[in-house]
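Working notes, beginning with the structure itself.
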Amino acid sequence: MSNRTLPRLLQSPAVILLLIWMIVPLSMTLYFSFIRYVLNNLRRPEWTTPSFSNWRGFGNYEFVLNNKDFIFAIQNSLLIVGSILFFTVIFGVLIAVLINQSFPGRGIVRVLLISPFFVMPAVNAVLWINMILDPVLGLQGIAVNGLNDIIVGLKDAPLVGWFFSLWPTLEPISFRATQTSAYAVIIMVTWQWTPFAVLIFMTSLQSEDQQQKEAAVLDGAGPWSQFRFLTLPHLGRPIAIVVMIQAIFHLSLYAEIEIVSRGNGNKNLPYLIGEFANNNIGAASATGIFAVILANIVAIFLLRMIGKTLME
Amino acid sequence: MAIVAQSTRYGKVTRTILAWAVGLLFFFPIFWLVLTSFKTDADAVKPEFLFFFTPTLENYLNMTENYDYWRFATNSIITSIFATVFTLAVGIPCAYAMAFNPSRATKDVLMWMLSTKMLPAAAVLYPMTFLTKNFLGIYDTHFLVIIVLSLINLPIVVWMLFTYFKEIPKDIIEAGKMDGVNTWGEIREILIPLAWGGIASTALLCFIFCWNEAYWTVRLTTTEAATLSKLIEGNRAPEGLFFGRLSAVSAAAVGPIVVLGWFCQKQLVQGLTFGAVK
Amino acid sequence: MGRIVLENVTKSFGDVEVIPPLDLTIEDGEFAVFVGPSGCGKSTLLRLIAGLEELTSGSVSIDEEDVTLVPPSKRGLAMVFQSYALYPHMSVRKNIAFPLRMSKMEQSEIDQRVEAAAQSLNLIDYLDHKPGQLSGGQRQRVAIGRAIVREPAAFLFDEPLSNLDAALRVGMRLEIGELHNRLKTTMVYVTHDQVEAMTMADKIVVLQAGVIEQVGSPLELYRTPRNIFVAGFIGSPKMNFIEGDEAAKHGAKTIGVRPEHISVSDSQGEWSGVVGVSEHLGSDTFFHIHETGLAETMTVRADGEVGFKHGDRVFLTPRADAIHKFDDKGLRI
Ligand SMILES: Nc1ncnc2c1ncn2[C@@H]1O[C@H](COP(=O)(O)OP(=O)(O)OP(=O)(O)O)[C@@H](O)[C@H]1O
Ligand SMILES: [Mg+2]
């Protein structure tokens, strides 16, 4: 009847669009992951068109699981995501507690703090890897050189000169090797997402029960016990949410990896899929299915938590 | 008493200094980007011109010759604006129906919408390329970018609008029904004016997300519809040659968005946590 | 015109049947009041008439026209909500004009009607205010103004006065009564306050758990309640109920006597008891009597100021012709 059909009608464009968006490409990925499908193969040209006659069963999955790159990409994904989560949560809590109370210029500090979050990922990566972390021309290189110059200068100083002559010449770190470029990614994403964590923790701190705190003060609780026994438990839920939302975003981190690590072996799952997709679509699709499974594990927990707050 | 007061005063001063230090530290890279954008390419890599140099606008004036900046910027503007408008056009009726005529399935539909957002984009990379290139022939078109940006932001937009709309008393919508408005009238005359603030900040956030998107805009375009993300990504490794000019395009690409972002900090929390943090 | 007929109407929310099959006719020009305890389905019934809820089965017709499937906007009814439901983004003038604008009336005609409505509701000075700047009573008047300008077939009110303070409520009650006398339009009014029901209604519909217990004029309900529920619900203070031997004497399971139908004396009477709390209202005094051996407490009314004190023993006499008798199913004998 009219009362029911109209709401359905209003929802249907959004629902149908998302349904297509989800089902069509994903089912194709699923299909490709079970067939032999490559873009170029001179000896077996029949593999270059997707078809059921090229059925491979779980062959692509086996191929991917036995591929060194896959294991490395998984490890690297976990390293990157885990480190980012660790640092953003720690910094986020500390900074949120620090700026939760009012002080002169709090509004401005907030604005300064949140800014990194709105920087487009491509710019973030270019900015950090070139202008800040570059071992020669970036701020890092300049700072290390400057420090070395100072030390060299001090070697000739009277009295303390002998002490500085014991010092080695500092070497700048190159962030373009396989492992160090993962660190670079961790640094730049932590910079970008700590503000997000701060913002959410601050929102949550604002709803902290002030009377409870005052009662605790009267009971003789110092700042540390207040933090430990009142604030941290209060932040438990937002921390869980920050962790999960970030996990979902960072598992599909792409632009930063692409810019920082092209050609140097550092990769995560999305990047590996991109590499496979240059030729071996079957493997790319199987990897994609693994990525979906990984994301779903996180998503289920997140959706549960959100579902609870939904509809009051 | 006096000692306590004094020690808290010191505490306050320390905290103020510390807070400012943290704020400045986080802002520093952006500041550095902007600062470098006013240096010539040669000056930008010389330690002696770190903070003191002769500022020049050359990098900004030459953005078009160096990078064809405005073509990419135009693409970014067009795709982000149209995607935002389209997302709202689809999202407002949907959120309206969910907020004012909820059924038992509403909660599940909302959760399902969110779950599409959690699908890793890379997993469907090749099918998307395949479909848009070989099948639909819309690879590297504005149309494609607009559709994709809309779809990836639709769940968040519906979600945010839903939380805003739920705060409007149901009575007011029903009063409208009694006063003789049809559904379209309810949305136009009552819902949109009432939720204007929420809709505006949702739109703003959606625009920011569209602008910053860096997977599909990079992978599904080559030249025609390429956005600023693609421009920057394509010039990622200048080996110190073009720090000045690269900083200028980068600053031009992020500056306006960072400023817009300042205006929707609050909505960001709601939008990104799906109302789960109050 | 506005004759509303409900036939075999039922309403369920999910598996819960809130309104079992129900028939009701509200005549043109009538002031009908739905009363009943909280949660009994008054609002639901009103919203079914309005079209804001969908019927599970049955039919609704207005002026002999079946409107069961007609959306609320096309039924030609006006509703005043408990929360007033004014459009906060519009001025008072725009609020009142809104239904007229929606029916595509000419601007000059709209202005004229808004002006007239504002005049009659004392809102002329506030026409350019936003609802947020008005007091509760003024908001209520704007909501009424918005309803009257469109000259609806019937007005529906859902507890319109319950957000007002006591003094204002009495005033608004009179205003709505006055409005009904002037417009002679059908009004359906929901309240859980039986005083409102008694003072305003032409016809009272007493509901309990979605079932109509009795329909009738206020005095009919007062004089001849059909069952114990109605007897207890209508009248203030509540009727005294007595069971056991005393009831059996009258050949009933239960008998009921209203406080105003019992006389009090310090010397003689049919029943006796001890005075507990007494409420002095000036015009009347209500005594709560304990230890009567008939019921836990009995309430009696005495005229003016009567000087019994806490703990005094008193004697009570019911008016013989005002004893209500009920059988073991609670129905009137
Ligand atoms: N949308 C709904 N979904 C489920 N149950 C509902 C809904 N609306 C009302 N009910 C239930 O229907 C019953 C009747 O509700 P209704 O609002 O009509 O009562 P009422 O008589 O108006 O009460 P009150 O005097 O408190 O306003 C209640 O038990 C209520 O819980
Ligand atoms: Mg009600």
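The values are calculated or read from the model by the stated rules, or taken from the named source; none is laboratory data. Just so we're clear, the structure is a prediction, and the values are computed from it rather than from any experiment. Because the Cβ atoms are built from the backbone with ideal geometry, glycine has one as well, and the counts that use them run over all protein chains shown. The protein model used for the area step is the full one, side chains on, heavy atoms only, and it has no ligands, DNA or RNA in it. Shrake-Rupley method; radii C 1.70, N 1.55, O 1.52, S 1.80 Å.
Within the stretch C:164-208, the set of residues being within 15 Å of ligand 2 (Cβ to nearest atom) and in a loop (DSSP other than H, G, I, E, B) comprises C:THR191, C:HIS192, C:ASP193. Among the residues of the stretch B:39-96, those that are hydroxyl-bearing (Ser, Thr, Tyr), surrounded by 19 or more Cβ atoms within 10 Å (Cβ to Cβ) and closer than 15 Å to B:SER250 by Cα comprise B:TYR67, B:TYR69, B:SER76. If you check B:THR56 against the conditions, is it more than 26 Å from the chain's Cα centre (by Cα) and either among the small types (Gly, Ala, Ser) or outside any helix (DSSP H, G or I) (or both)? Yes; evaluated as a whole, the condition is true for this residue.
The condition (being more than 11 Å from chain B (Cβ to nearest Cβ) and exposed (fewer than 15 other Cβ atoms within 10 Å of the Cβ)) is satisfied by just one residue among A:VAL152, A:VAL185: A:VAL152. Within the stretch A:94-127, the set of residues being more than 7 Å from every other protein chain (Cβ to nearest Cβ), open to solvent by less than 10 Å² (accessible area, probe 1.4 Å) and under 18 Å from A:THR231 (Cβ atoms) comprises A:ALA96 only.
Checked against the criterion of being hydroxyl-bearing (Ser, Thr, Tyr) and open to solvent by 80 Å² or more (accessible area, probe 1.4 Å), the candidates A:SER53, A:SER77, A:SER27 yield just one match: A:SER53.
The residue that is nearest to ligand 1 (Cβ to nearest atom), among those in the stretch C:13-26 that are more than 14 Å from chain B (Cβ to nearest Cβ) and farther than 19 Å from C:ASP63 by Cβ, is C:VAL18. Among the conditions (1) surrounded by fewer than 23 Cβ atoms within 10 Å (Cβ to Cβ); (2) out of contact with any strand residue (DSSP E or B) (no Cβ under 8 Å at 6 or more places or on another chain), B:GLU174 misses just one, which is (2).
Residue-wise test of (1) farther than 18 Å from A:THR178 by Cβ; (2) in a helix (DSSP H, G or I); (3) of a type in the set (Val, Ile, Thr); (4) open to solvent by 30 Å² or more (accessible area, probe 1.4 Å).
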| residue | (1), (2), (3), (4) |
| --- | --- |
| A:ILE239 | yes, yes, yes, yes |
| A:LEU253 | no, no, no, no |
| A:GLU275 | no, yes, no, yes |
| A:ALA286 | yes, yes, no, no |
| A:ILE289 | yes, yes, yes, no |
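Only one of the listed residues (A:GLN192, A:GLN211) is without any contact (Cβ under 8 Å) to a residue 12 or more places away in the chain and either assigned to a helix (DSSP H, G or I) or within 21 Å of the chain's Cα centre (by Cα) (or both). That residue is A:GLN211.
Going through (1) within 8 Å of chain A (Cβ to nearest Cβ); (2) part of a loop (DSSP other than H, G, I, E, B) one by one, B:SER247 falls short only on (2). The residues on offer are C:ALA97, C:ALA85, and the sole one that is of a type outside the set (Val, Ile, Thr), within 14 Å of chain B (Cβ to nearest Cβ), within 16 Å of ligand 2 (Cβ to nearest atom) and open to solvent by less than 50 Å² (accessible area, probe 1.4 Å) is C:ALA85.
Conditions tested, residue by residue: (1) within 14 Å of another protein chain (Cβ to nearest Cβ); (2) under 21 Å from the mean Cα position of the chain (by Cα); (3) under 18 Å from B:SER103 (Cα atoms); (4) within 13 Å of ligand 1 (Cβ to nearest atom).
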residue: C:MET1; (1), (2), (3), (4): no, no, no, no
residue: C:VAL5; (1), (2), (3), (4): no, yes, no, no
residue: C:PHE31; (1), (2), (3), (4): no, yes, no, no
residue: C:GLY36; (1), (2), (3), (4): no, yes, no, yes
residue: C:GLY39; (1), (2), (3), (4): no, yes, no, yes
residue: C:SER43; (1), (2), (3), (4): yes, yes, no, yes
residue: C:LEU46; (1), (2), (3), (4): yes, yes, no, yes
residue: C:THR56; (1), (2), (3), (4): yes, no, yes, yes
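For the stretch B:155-163, state whether one or more residues are open to solvent by 10 Å² or more (accessible area, probe 1.4 Å), of a type outside the set (A, V, I, L, M, F, W, C) and not in a helix (DSSP H, G or I). Looking for residues that are open to solvent by 10 Å² or more (accessible area, probe 1.4 Å), of a type outside the set (A, V, I, L, M, F, W, C) and not in a helix (DSSP H, G or I), one finds none in the stretch B:155-163, hence no. Taking the stretch C:146-163 as the range and being more than 16 Å from ligand 2 (Cβ to nearest atom) and either in a loop (DSSP other than H, G, I, E, B) or within 12 Å of chain B (Cβ to nearest Cβ) (or both) as the test, the residues that pass are C:ARG146, C:ALA147, C:VAL149, C:ARG150, C:GLU151, C:PRO152, C:ALA153, C:ALA154, C:PHE155. The residue list B:ASN212, B:ASN182, B:ASN235 contains one member that is of a type outside the set (Gly, Ala, Ser), out of contact with any His (no Cβ under 9 Å at 6 or more places or on another chain) and surrounded by 20 or more Cβ atoms within 10 Å (Cβ to Cβ), which is B:ASN212.
For first residues located in the stretch A:31-45 and under 13 Å from A:TRP55 (Cα atoms), partners that are outside any helix (DSSP H, G or I) and open to solvent by 80 Å² or more (accessible area, probe 1.4 Å) and lie 6+ apart or on another chain with Cβ distances below 6 Å form the pairs A:ILE35/A:TRP55.
Do we find a residue being more than 16 Å from ligand 1 (Cβ to nearest atom), within 15 Å of the chain's Cα centre (by Cα), more than 19 Å from C:ARG47 (Cβ to Cβ) and surrounded by fewer than 23 Cβ atoms within 10 Å (Cβ to Cβ) anywhere in the stretch C:190-198? Checked against the condition, which is being more than 16 Å from ligand 1 (Cβ to nearest atom), within 15 Å of the chain's Cα centre (by Cα), more than 19 Å from C:ARG47 (Cβ to Cβ) and surrounded by fewer than 23 Cβ atoms within 10 Å (Cβ to Cβ), the stretch C:190-198 yields at least one hit. Checked against the criteria, C:VAL114 counts as away from ligand 2 (no atom under 16 Å from the Cβ), within 14 Å of another protein chain (Cβ to nearest Cβ) and either open to solvent by less than 10 Å² (accessible area, probe 1.4 Å) or in a loop (DSSP other than H, G, I, E, B) (or both).
Looking across the stretch C:63-82, just one residue is within 23 Å of C:ASN163 (Cβ to Cβ) and open to solvent by 40 Å² or more (accessible area, probe 1.4 Å), and that is C:GLN82.
Quickly run through the stretch C:136-163 and pick out the residues that are within 16 Å of ligand 1 (Cβ to nearest atom) and not charged (D, E, K, R). Those that are within 16 Å of ligand 1 (Cβ to nearest atom) and not charged (D, E, K, R): C:LEU156, C:PHE157, C:PRO160, C:LEU161, C:SER162, C:ASN163.
Scan the stretch C:60-70 for residues that are in contact (Cβ under 8 Å) with a residue 40 or more places away in the chain and either assigned to a loop (DSSP other than H, G, I, E, B) or within 13 Å of chain A (Cβ to nearest Cβ) (or both) and the total you get is 2.
Looking for something within 18 Å of B:VAL157 (Cβ to Cβ) and modelled with pLDDT under 85 - is there at least one such residue anywhere in the stretch B:250-264? Yes, some residue in the stretch B:250-264 is within 18 Å of B:VAL157 (Cβ to Cβ) and modelled with pLDDT under 85. When the stretch C:23-58 is filtered for residues that are within 12 Å of ligand 2 (Cβ to nearest atom), polar (S, T, N, Q) and in a loop (DSSP other than H, G, I, E, B), only C:SER38 remains. The set of residues in the stretch B:97-107 that are touching a Leu at 6+ places or on another chain (Cβ under 7 Å) and either outside any helix (DSSP H, G or I) or open to solvent by 40 Å² or more (accessible area, probe 1.4 Å) (or both) contains only B:LYS107. If we scan the stretch C:188-207, do we find a residue that is under 22 Å from C:LYS94 (Cα atoms) and aliphatic (A, V, I, L, M)? No, there is no match, as no residue in the stretch C:188-207 is under 22 Å from C:LYS94 (Cα atoms) and aliphatic (A, V, I, L, M).
Scanning the stretch B:63-72 turns up at least one residue that is of a type in the set (D, E, K, R), at pLDDT below 80 and under 27 Å from B:PHE243 (Cβ atoms).
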